[in-house]
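Structure, as structure tokens:
The values are calculated or read from the model by the stated rules, or taken from the named source; none is laboratory data. Values in this document were obtained by computation on a predicted structure and should not be read as measured data. Please note: Cβ atoms are built from the backbone with ideal geometry, for glycine as well, and neighbour counts cover all protein chains shown. Calculation scope for accessible area: heavy atoms of the full protein, side chains included, ligands and nucleic acids excluded. Shrake-Rupley method; radii C 1.70, N 1.55, O 1.52, S 1.80 Å.
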Amino acid sequence: MPAELQGVGVSPGVVVGPVARAGGEVPVPADGTTASDPAAEARAAAEALEAVARDLEGRGQAAGGEAQGVLEAQAMMARDPGLADQVEQHTQGGRTAARAVHEAFGVYRKLLGGAGDYMAARVADLDDIRNRTVALLLDVPMPGVPDPGHPFVLTARDLAPADTATLRRDRVLAIVTEEGGPTSHTAILAKSMGVPAVVACPGATGLADGVRVIVDGGAGQVVVDPDEARVQAAEARARARDAARAAVVGLGRTSDGHRVDLLANLGGPGDVESAVAAGAEGVGLFRTEFLFLDRADPPPVEEQAAAYRSVLEAFPGGKVVIRTLDAGADKPLAFLDLGDEPNPALGVRGLRAVRQRPGLLASQLDAIGQAAAGSPAEVWVMAPMVATAEETGWFRGQLGDREVAKTGVMIEIPAAALTAGAILAEADFASIGTNDLAQYTFAADRLVGALAGLQSPWQPALLQLVAATAAAGRSAGKPVGVCGEAAGDPALGLVLVGLGVTSLSMAPPSIADVRLLLGRHTLEDCRRLAELAVAAPDAAAARERVRAATASLEELGL
Ligand code: PEP
Ligand code: MG
């Protein structure tokens, strides 16, 4: 076992602690068993699936925010009528409940696997539901997070949403996974919890329970069984970071006073508390999909308005950017039947989907208009997945006389970045979604972990598109922010500022680190780092060169 493991750091911070490995394998139920009472087996299987669905929902409610959406989608899979039919067919054929569930998921997996990369990427979620259901039926321990009775560094092959959603911040010191990429559930949820995390880390699952490790979630490094001197050095870095974070408060600015709005990404009203606690100056991306998940019909205008109002009230004097519904691809919504698409990420999604259902957009804009009236916060509205200036103009036209402060669009398609000048002629602002922009620039599905390298926001090609969009914003005198995961990486945040973006919006726990590092650099430093990154041959070199030229990273464990 090497003394050091290297992976991809996806959530910064340095901790020292003992390893605890995530849940064991659930056995494959034996075949060939002939059940004496098929009806009873069918009932037991249905009850177990329903119990798993309810458990997932309960975990979702306890977790709130983005996690809730993910877990509710999983609960919906457990309740899928097609799956229930498959289970029943297998019990009628004489199989036990556990084996019938195992078989039915096998059929279902194959169906999904044949339905394109996006569905194939959901297979890990399906396996998790299958394992939970089989564990219940066989009465063996549930797979998932261990509870050794003391704080621990969680290691796993990869974590299912159900595991990460209910991790206790006071128990889990850090997360290290063998698989996963920068946009995996593990990465996004670890960041939203503020827990250091390293993914795509070979050797992680080989670490024994109880072995002491240092995890550096910034550098992506895991030191195995370190000596006392290294432990003390790591602990000193963690203390330095905590002290430095606490000392820097107030508005985001460089050390020479260049202002950058530091904003929060919210997955629902449940995220407001952590955004306010982190000192977010406002909200740069309010994802509204949570309102539409798991329902047969769109939510009434009043319900939407109340949800928007509850967020606006938390940011008096700040701005709140509400993104209209971004349905499709990685955000499937049951009530919006988009039909069978061979490539959902390239299909009728985002603004394209609501353009086919203008009533849906109109009622959301009504709700936003109602919430904006008399709001203590300034309301900005933006559309997702915009490709052209024509679409931008169409969206602006839909606003009518509803009173919002600014109307803008997300730049997450390369065509939009390249024509940002024309788009900004039709909009008041733009916000770059680097998650999708990376996906479309590299033709690399954001849900496929194996393509993590291509989805890196450090890719020079992606940074060039950011630079082009920011330049268009400067020429037009209009704000251009970044609201993808990239904005929450403190070193990359410097690069983005150097490229000319005017705001950074991120998961709330990242704000303190970004504010801290920004305050230690001048605008000129940021520009120099941006040049280094854009000129690098690839993402890894860009990240390495920028990190090597940014002194405080090492000291602060960022
Ligand atoms: C993005 O694509 O970068 C983004 C912020 O939007 P979402 O992650 O919700 O697609
Ligand atoms: Mg997006």
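In terms of solvent-accessible area of protein heavy atoms at a 1.4 angstrom probe, what is the ranking of Y440, Y308, highest value first?
If we order Y440, Y308 from most to least accessible, we get Y440, Y308.
Quick one: 3J(HN,Hα) in Hz for segment 429-437, Karplus 6.51/-1.76/1.60 with θ = phi - 60°, rounded, Gly and Pro as x.
Going residue by residue, I get 7, 9, 10, 8, x, 5, 5, 6, 4 Hz, with x marking Gly and Pro.
When the dipole is taken about the Cα centre of segment 461-558, and only Lys, Arg (+1) and Asp, Glu (-1) are charged at their Cβ, what size is it in debye, to the nearest 20?
Rounded to the nearest 20 debye, it is 320 debye.
Students often check this: by mean Cβ neighbours within 10 Å, which of 230-237, 366-373, 170-177, 295-302 ranks highest, and how do the rest follow?
Ranked by mean Cβ neighbours within 10 Å, highest first: 170-177, 366-373, 230-237, 295-302.
Under a crude label model (7 Å from the Cα following the beta-carbon direction), how far is E313 from T388 in nanometres?
4.3
Could you tell me the calculated FRET efficiency between D209 and A541, based on Cβ-Cβ distance and R0 = 51 angstrom, to the nearest 0.05?
So the FRET efficiency works out to roughly 0.90.
So for segment 405-444, what percent of the C-alpha to C-alpha distances run longer than 16 Å?
The answer is 33 percent, as a whole percent.
With a 10 Å radius around each residue's Cβ, average the other Cβ atoms per peptide and rank 84-91, 283-290, highest first.
283-290, 84-91
Can you give me the long-range amide H partners of K319? Hydrogens built in the peptide plane at 1.01 Å from N, cutoff under 5 Å, separation of 5 or more residues or another chain.
Close amide H contacts, sequence-distant or interchain: V283, E378.
Note the full-extension length gain between A306 and M76 as 0.36 nm times their separation in residues minus their Cα-Cα distance, in nm to one decimal.
Gain on extension, A306 to M76, equals 80.3 nm.
Pairs K191/K478; K191/K319; K191/K331; K191/K406: which are spaced more than 25 Å apart, C-alpha to C-alpha?
K191/K478; K191/K406
State to the nearest 20 debye the size of the charge dipole of segment 374-523 about its Cα centre, where the only charges are +1 on K and R beta carbons and -1 on D and E beta carbons.
380
Please give the length that would be gained between R474 and E47 if that part of the chain were fully extended, namely 0.36 nm times their separation in residues minus their C-alpha to C-alpha distance (nm, one decimal).
Contour length minus Cα-Cα distance gives 147.8 nm.
What is the gain in length, in nm to one decimal, between E341 and V276 on full extension, counting 0.36 nm per residue of separation less the C-alpha to C-alpha distance?
19.4 nm
Along the Cα-to-C-beta direction of Q464, a point sits 7 Å from the Cα; which residues of segment 529-558 have their amide N less than 18 Å from that point?
Correct set: 530-543.
Taking the simple approach of a point 7 Å from Cα along Cα-to-Cβ for both R169 and S363, what is their distance in nm?
Once both label points are built, they end up 3.5 nm from each other.
Taking the Cα centre as origin and putting +1 on Lys and Arg beta-carbons and -1 on Asp and Glu beta-carbons, what dipole magnitude results for the chain, to the nearest 20 debye?
Value, rounded to 20: 1180 debye.
In the chain, with Lys and Arg counted as +1 and Asp and Glu as -1 at Cβ, which of these residues, L360, W394, V301, has the Cα nearest the positive end of the dipole, that is, farthest along it?
Value computed over the given set: W394.
Over segment 431-490, calculate the relative contact order: mean separation of alpha carbon pairs under 8 Å at least 6 apart, over the residue count, as a percent.
Relative contact order for segment 431-490 comes out at 46 percent.
Taking R0 as 51 Å, what's the FRET efficiency between A236 and R355 from their Cβ-Cβ distance, rounded to 0.05?
For R0 = 51 Å, the calculated efficiency reads 0.40.
Give, as ranges by residue number, the residues of segment 279-294 whose backbone N falls under 14 Å from the point 7 Å along Cα→Cβ of R259.
281-282
So if I take the centroid of the Cα atoms in segment 356-389 and the same for segment 207-249, what is the distance between those two points in Å?
What the calculation gives is 44 Å, centre to centre.
Given the -39500 (n - 2.57) contribution per DSSP H run of 4+ residues, what per-residue ellipticity at 222 nm results for the chain, rounded to the nearest 500 deg cm²/dmol?
-14000 deg cm²/dmol
In square angstrom, rounded to the nearest 10, how much accessible surface does E524 have for a 1.4 Å probe?
Its heavy atoms expose roughly 110 Å² to the probe.
I'd like to know which of A512, A533, L553 lies farthest towards the positive end of the charge dipole of segment 503-558, counting +1 on Cβ of Lys and Arg and -1 on Cβ of Asp and Glu.
The one lying farthest along the dipole's positive direction is A512.
Around G220, which amide H atoms from residues at least 5 apart in sequence, or from another chain, sit under 5 Å from its own amide H, with H modelled in the peptide plane?
Under 5 Å from the amide H of G220 lie the amide H atoms of G9, each far enough along the sequence or on another chain.
Taking +1 at the Cβ of each Lys and Arg and -1 at the Cβ of each Asp and Glu, which of V101, P38, Q89 sits farthest along the dipole of segment 18-110 towards its positive end, judged by Cα position relative to the Cα centre?
V101
Along segment 538-549, what does the Karplus equation 6.51 cos²θ - 1.76 cosθ + 1.60 (θ = phi - 60°) give for ³J(HN,Hα), rounded to whole Hz, x for Gly and Pro?
Result, ordered by residue: 7, 4, 5, 5, 4, 5, 4, 5, 5, 5, 5, 8 Hz.
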